[in-house]
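No lab work stands behind these numbers, since they all come straight from the coordinates. Nothing here was measured: the structure is a model prediction, and the numbers come from that model. Note: ideal-geometry Cβ built from the backbone for every residue, glycine included; neighbour counts use all protein chains shown.
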Amino acid sequence: MNRQTLTPGVAASKGDYSLEAYILGTNHHQIEVSTNLDKVPEAGALRVVAFSNPKNRSGFPARVFAILS
C-alpha cells in the first residue's frame, strides 16, 4: 500500500485510460495521492472519506482519515 500513482493502474501511464473511464463511468470516485498509508494497517482499520460536492468538477480535495481498532 505504500506505492502511490496518479492514475488507477499501469495502463494509464502508457496512455490507456480505459480503467479510469470505467471507474468514473460507474458513478464512483477514486482517491489518488494519499500520504501516510504506511502508518495504517492493511486490515483492521476503518477509512473515513469526506469531500465537497463533485458536480461538474474534474477533481476536488478530499479529507481522509483512518480509525484504528
As an exercise, identify the trypsin sites (Lys or Arg not before Pro) in region 27-69 lying in DSSP coil whose Cβ has no more than 10 other Cβ atoms within 10 Å.
LYS55, ARG57
Per residue of region 47-61, what does 6.51 cos²θ - 1.76 cosθ + 1.60 with θ = phi - 60° give for ³J(HN,Hα)? Whole Hz please, x for Gly and Pro, Karplus curve as stated.
9, 10, 10, 10, 8, 6, 5, x, 4, 6, 10, 8, x, 6, x
Taking amide H atoms as placed 1.01 Å from N in the peptide plane, list the residues 5 or more away in sequence, or in a different chain, whose amide H sits under 5 Å from that of ALA62.
none
Expressed in nanometres to one decimal, the distance between label points 7 Å along Cα→Cβ at LYS14 and LEU37 is 2.1
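Summarise the long-distance tail of P(r) for region 10-68 by giving the % of C-alpha pairs beyond 18 Å.
Values: 852 of 1711 pairs.
Roughly 50 percent, once rounded to a whole number.
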